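Quick notes on the structure that follows.
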Amino acid sequence: MLPLTNMLTELRLSGFKQHLDSLEAQAIEKQWSHHDFLAKLCEQELAQRYQTRVNSWRKESALNIAKSLNNLDLSVYKAEVSQRIQKLQGDTRWAKQASNVILFGPSGVGKSHLANGLGLKLIDEGIRVKYFTGIGLVQQLQQAKSRLELTAFMSKFDRYSVIIIDDIGYVKKTESETSVLFELIAHRYESASLIITSNQPFSQWDSIFPDSMMTVAAVDRLVHHATIIGIEGESYRSKQKAKD
């Protein structure tokens, strides 16, 4: 028979292996039952697997781990905005129901920080997330389309329950064909969620899509199941500086 540690390695039970000796000592000292000893080992294994998954998903997400909701001062926002953000943070079922979150507001009010923080919270809750800037995402989609691989490329995103598109307003249809962005929105419609930040209201999205009909179609799909938060006022960074 193989040694126990070897068998744990074969079974990929690294949490068991790491905590076996210390928990065995506690079990003897406190006279745990076999059931209690096994339960404690399982707790450690699950905790280690959870942390490993969180670390892996954070890394692949391209999110900034320094910008969580914990270090965002919600008191600088209007009460209605703060309450809606707290609701999204406290109940993440929307991300499992293919609902979207759209954050509007001028530059500097904390939209990107909010989107980033929501993404980190979702990962903590076992929901896979991927972050893109609007321009960076469109460039990748365009490259895939030029290779005649757009559908396959978008399908790779299906592994992510939530995709964050940051600063969509900086995408301009004059730069190149941006119909690929519409195709992504249509691809994820009612199947997976998007978090979008924009410094432009919907009425100005004609600057993003090739024509007004595509703009209307994109907006219709986004708002069908969505939480829309408009953030007004002066720069969040300016408010924080004044408080300091």
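The values are calculated or read from the model by the stated rules, or taken from the named source; none is laboratory data. Owing to the predicted nature of the structure, the values given are computational and were not obtained by experimental measurement. With ideal geometry, Cβ positions are generated from the backbone for all residues, glycine too; neighbour counts draw on all protein chains shown. Quick note on the areas: whole protein, heavy atoms, side chains included, nothing else; ligands and nucleic acids left out. Shrake-Rupley method; radii C 1.70, N 1.55, O 1.52, S 1.80 Å.
Numbers for the structure displayed
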read-out	value
Enumeration of residues in the stretch 57-82 that are polar (S, T, N, Q) and surrounded by 12 or more Cβ atoms within 10 Å (Cβ to Cβ)	61, 64, 68, 82
Residue match in the stretch 213-222 (condition: open to solvent by 50 Å² or more (accessible area, probe 1.4 Å), touching a helix residue (DSSP H, G or I) at 6+ places or on another chain (Cβ under 8 Å) and more than 25 Å from residue 62 (Cα to Cα))	yes
Filtered residue count, the stretch 94-105, keeping only those that are open to solvent by 60 Å² or more (accessible area, probe 1.4 Å) and over 13 Å from the mean Cα position of the chain (by Cα)	1
The stretch 224-244 - residue that is open to solvent by 50 Å² or more (accessible area, probe 1.4 Å) and among the hydrophobic types (A, V, I, L, M, F, W, C) and, of those, modelled with the highest pLDDT	228
Residue 109 buried (at least 19 other Cβ atoms within 10 Å of the Cβ), at pLDDT below 95, β-branched (Val, Ile, Thr) and over 22 Å from residue 213 (Cα atoms)	yes
Subset tally (residues that are at pLDDT below 95 and surrounded by fewer than 14 Cβ atoms within 10 Å (Cβ to Cβ)) for the stretch 157-175	3
Filter result for residue 38 (crowded, with 17+ Cβ neighbours inside 10 Å and out of contact with any Lys or Arg (no Cβ under 7 Å at 6 or more places or on another chain))	no
Given (1) within 13 Å of residue 227 (Cα to Cα); (2) under 13 Å from the mean Cα position of the chain (by Cα), index of the condition residue 85 fails	(2)
Pairs with Cβ under 9 Å, 6+ apart, first in the stretch 176-200 and over 21 Å from residue 97 (Cβ atoms), second assigned to a strand (DSSP E or B)	181/165; 198/102; 198/103; 198/104; 198/165; 199/104; 200/104
Any hit, the stretch 116-133, residues being over 30 Å from residue 156 (Cα atoms), out of contact with any Cys (no Cβ under 7 Å at 6 or more places or on another chain) and open to solvent by less than 50 Å² (accessible area, probe 1.4 Å)	no
Residue ID - nearest to the chain's Cα centre (by Cα), chosen from residues in the stretch 125-150 that are at pLDDT 95 or above and of a type in the set (Ser, Thr, Tyr)	131
